[in-house]
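Just so it is clear, none of the values below were taken in a lab; they were calculated from the coordinates. Model, not experiment: these values are computed from the prediction. Using ideal geometry, Cβ is built from the backbone for each residue, glycine included, and neighbour counts are taken over all protein chains shown.
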Amino acid sequence: MEFNFEILLKIMENKKELRGWLDDLKLDHPLVIAGPCSAETEEQVLRIAHELKDTDVNYYRAGIWKPRTRPGMFEGVGALGLKWLQKVKDETGMKTATEVANAAHVKLALEHDVDLLWIGARSTVSPFIVQEIADALQGTDKIILVKNPVNPDLPLWLGAIERLATANIKKLGVIHRGFSTYEKTKYRNNPEWQLAIELQTKFPDLPIINDPSHITGKRDMIFDVSQTALDLNFDGLMIETHFDPDNAWSDASQQVTPKVLIQIMKDLKIKKESDPEADYNKQLDNLRAQIDIVDNQIIDLLGKRMKAADSIGALKKQKNVAVLQSKRWNEILGKMVLEGESKGLSEEFVLKMFKAIHQESINHQEKIING
């Protein structure tokens, strides 16, 4: 798909300006944004901040306003929490970050000197909301990050960045937090890594942060997703952190303790620029990570194919129909050979692959019929 974001491309011609806010931090590790999903109490906010202040965390995050799926759920403490973030800055020296969803949020966050603001996935889906926020932020020198929309729509995501760029906002970046899907997977939000890779390919100087907390929805998966993101050359991570995750007021299952976060940051493998082989290894890890992602997609698709084969087996058993249908099989082979050739795959490879898939499908159907 081709994109035509003339304003965005014009801004991105100046790499120094685009990545300036990130380069100015002079980090020897990826950017880390961490803190609780929601600010709950002043004590909770300050306690977590003090446990993170001498770590690799660069920005302390806390949700002040929480857009929830259903009414009646905890929707954040509101503007009161901004005073707690001010105390975090005063007591720890840490920079602060929170989500804004409308112009009123922007006004209050700026009045309380929040250093980094992000637009959430539910807001990014609406150009009207993004434009309202962009107008309220006109010319700000704060860092503004945009989470991907809930649906996998790259033009919509980049359109939000374009609106902010048009409002003369220089310090921009994106957050990849995964995408909603009707099908249940092991993720809370499917990462759709290929979409993030396409964004990086088209706009390599646009800072991109990974949010493994919202992608996984499970704390025990955060490390693996974080490592994949770093292997794909993401610029940083946003990880939800709470001293008592199981009793958090929102998203309890995806938050980690400060102690666990510190260990994650220690265990993540990061290629240092001082390593003479760093560039080669970085490129190699990036390409291998892309292959791993596609391999997992292949396995997932094959699993879905075999579920369909199981259903066909049940239908054939009901109607007393033979498993092997030669005409259908030959039609599939011919079609797939042509499709494979259009993708640069040899006929020999396509035949071997689909014969193996067909045999596995037969095995599944026979198991159903003879079961």
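Which whole-number percent gives the relative contact order of region 282-370, counting Cα pairs below 8 Å spaced six or more residues apart?
42 percent
DSSP loop (so not H, G, I, E, B), at most 11 other Cβ within 10 Å: list which chymotrypsin sites (Phe, Trp or Tyr not before Pro) in region 264-371 pass both filters.
Here no chymotrypsin sites (Phe, Trp or Tyr not before Pro) fit, given the DSSP loop and packing criteria.
With angles folded into 0 to 90 degrees, how steeply does helix 326-342 sit against the dominant principal axis of the chain? Use alpha carbons for both and round to 10.
Tilt relative to the chain: about 50 degrees.
Stokes-Einstein D for region 55-181 at 10 °C, 1.306 mPa s, Kirkwood Rh over Cα pairs, in µm²/s?
Value of D from the Cα-based Kirkwood radius: 107 µm²/s.
Exceeding 21 Å between C-alpha atoms, which entries from my cross-link table qualify? They are K53/K83; K87/K171; K53/K186.
K87/K171; K53/K186
Which of I332, L261, A165 sits closest to the plus end of the dipole of the chain, meaning its Cα is farthest towards the positive end, when Lys and Arg get +1 and Asp and Glu get -1 on the C-beta?
Checking the options against the dipole of the chain, the answer is I332.
Starting from region 46-125, pick out the trypsin sites (Lys or Arg not before Pro) whose DSSP state is loop and whose Cβ has at most 15 other Cβ atoms within 10 Å.
Here the sparse-neighbourhood loop sites are K53, R68.
For region 316-371, which GluC sites (Glu not before Pro) are in a loop by DSSP, counting at most 11 other Cβ atoms within 10 Å?
Sites meeting the loop and neighbour criteria: none at all.
Round to the nearest 0.05 the FRET efficiency obtained for D224 and H50 when R0 = 25 Å and r is the Cβ-Cβ distance.
The pair D224/H50 has a calculated efficiency of 0.30.
Let me know the charge dipole size of the chain about its Cα centre in debye, to the nearest 20, where only the beta-carbon of Lys, Arg (+1) and Asp, Glu (-1) is charged.
That gives a dipole near 1320 debye.
Taking a label point 7 Å from the Cα of D205 along the Cα→Cβ vector, which residues of region 169-196 have an amide N closer than 18 Å to it?
Answer for region 169-196: 169-174.
Pop a pseudo-label 7 angstrom from the Cα along the beta-carbon direction at both D267 and I197 and give the gap in nm to one decimal.
2.5 nm
Top mean-square fluctuation among D28, D285, D246, Gaussian network model of the chain, C-alpha springs under 10 Å?
D28
Take the chain, connect every pair of alpha-carbon atoms lying under 10 Å apart with a spring to form a Gaussian network, then pick out the residue of A79, A62, A248 with the largest mean-square fluctuation.
The residue that fluctuates most here is A79.
By how many degrees, between 0 and 90 and to the nearest 10, does the Cα long axis of helix 222-231 differ from the longest principal axis of the chain?
The answer is roughly 90 degrees.
Using helices alone, what [θ] at 222 nm do you get for the chain, with -39,500 (n - 2.57) per DSSP H run of 4 or more residues, divided over all residues and rounded to the nearest 500?
Here the helix-only value at 222 nm equals -16500 deg cm²/dmol.
Identify, among M353, I291, H364, the residue whose Cα sits farthest towards the positive end of the charge dipole of region 282-370, taking +1 on the Cβ of Lys and Arg and -1 on the Cβ of Asp and Glu, with the dipole about the Cα centre.
In region 282-370, that residue is H364.
Distance from a point 7 Å along Cα→Cβ of E360 to each backbone N in region 297-331: keep the residues under 16 Å and list them by number.
297-311
Just to verify a number: FRET efficiency for D135 and Q290, C-beta to C-beta distance, R0 = 51 Å, to 0.05?
Step by step, r from the Cβ atoms, then E = 0.85.
Across region 233-244, in residue order, what do the Karplus-derived ³J(HN,Hα) couplings come to in whole Hz, using 6.51 cos²θ - 1.76 cosθ + 1.60 with θ = phi - 60° and x for Gly and Pro?
Calculated HN-Hα couplings, in order: 6, 5, 8, x, 9, 10, 10, 6, 9, 8, 6, 9 Hz.
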